[in-house]
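**Student:** Please see the structure below; I have some questions.
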Amino acid sequence: MRPVEIAELDRQDDADGIGQQIVAAVVEVGGRVLLLRRPAGEFRGGEWEFPGGKVDPGEELIPALHREVDEETGYRIERITDYLGSFDYTTRSGTRQRQHTWSVQVIPAGDIRLTEHDAYAWISAGDEPPLSGELAAILDAHFRTR
């Protein structure tokens with residue numbers, strides 16, 4: 001994604017009053033996509049999601065994406081292949097968040113290293129993903145753009 005497009009995402013988030021930006025990656029290896037499960041007891045506990053997380057204050061979207069994928073999986077992003085879109089949600093505390101999601105190619109480093117999740121799964125295009133509506137739509141967009 002060109003820098004001007006990233007700047008546009010930031011500008012739009014500011015204009016829309018987004019309190020927290022979130023980044024996520026659709027990580028595909030060998031035709032399968034990685035999903036992580038949030039631990040019970042956390043916000044959205046038990047739900048499956050893509051690797052990602054909060055953008056730190058002063059941090060840019062793409063460096064945050066690289067950091068989050070590495071922190072949550074132990075994999076390093078080799079190349080960002082597509083921007084898949086965004087969706088908004090509100091936390092329990094009332095903060096409006098916007099998740100931006102990209103398809104990425106990674107340099108696999110063996111087994112997934114879980115640091116913030118309690119399980120992971122690899123799913124293929126024909127599988128029924130255990131995802132919420134927004135995430136299922138993003139996964140569908142990813143498989144359509146391959």
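**Student:** For Pro39, indicate whether it is in contact (Cβ under 8 Å) with a residue 12 or more places away in the chain and either touching a Pro at 6+ places or on another chain (Cβ under 9 Å) or not in a strand (DSSP E or B) (or both).
**Tutor:** Judged against the criteria, Pro39 is a match.
**Student:** Mind telling me which of the residues Glu59, Glu128 ends up being assigned to a loop (DSSP other than H, G, I, E, B), under 25 Å from Asp10 (Cβ atoms) and among the acidic types (Asp, Glu)?
**Tutor:** Going through Glu59, Glu128 in turn, the sole match is Glu59.
**Student:** Now for a different question. Just checking, which of Glu116, Glu134 is part of a helix (DSSP H, G or I), within 19 Å of Gly53 (Cα to Cα), in contact (Cβ under 8 Å) with a residue 12 or more places away in the chain and open to solvent by 40 Å² or more (accessible area, probe 1.4 Å)?
**Tutor:** The match here is Glu134.
**Student:** Residues to consider are Ala141, Ala64, Ala125; find the one that is touching a residue at least 12 places away in the same chain (Cβ under 8 Å), open to solvent by 50 Å² or more (accessible area, probe 1.4 Å) and not β-branched (Val, Ile, Thr).
**Tutor:** So the residue among Ala141, Ala64, Ala125 that is touching a residue at least 12 places away in the same chain (Cβ under 8 Å), open to solvent by 50 Å² or more (accessible area, probe 1.4 Å) and not β-branched (Val, Ile, Thr) is Ala125.
**Student:** Looking at (1) at pLDDT 95 or above; (2) out of contact with any Phe, Trp or Tyr (no Cβ under 9 Å at 6 or more places or on another chain); (3) part of a strand (DSSP E or B); (4) over 15 Å from His142 (Cα atoms), which is the only condition Arg98 fails?
**Tutor:** (2)
**Student:** How about segment 101-113: which of its residues are over 13 Å from the mean Cα position of the chain (by Cα), under 20 Å from Gly53 (Cβ atoms) and open to solvent by less than 60 Å² (accessible area, probe 1.4 Å)?
**Tutor:** Of everything in segment 101-113, those that are over 13 Å from the mean Cα position of the chain (by Cα), under 20 Å from Gly53 (Cβ atoms) and open to solvent by less than 60 Å² (accessible area, probe 1.4 Å) turn out to be Val106, Ile112.
**Student:** Kindly indicate whether any position in segment 79-90 is aliphatic (A, V, I, L, M), surrounded by fewer than 19 Cβ atoms within 10 Å (Cβ to Cβ), within 15 Å of Ile22 (Cβ to Cβ) and within 15 Å of the chain's Cα centre (by Cα).
**Tutor:** No.
The values are calculated or read from the model by the stated rules, or taken from the named source; none is laboratory data. Only a predicted model underlies this, so the values are computations on that prediction, with no experimental measurement involved. Note that we place each Cβ from the backbone using ideal geometry, even for glycine, and neighbour counts take in every protein chain shown. These area figures cover heavy atoms from the full protein model, side chains too; ligands, DNA and RNA do not enter into them. Shrake-Rupley method; radii C 1.70, N 1.55, O 1.52, S 1.80 Å.
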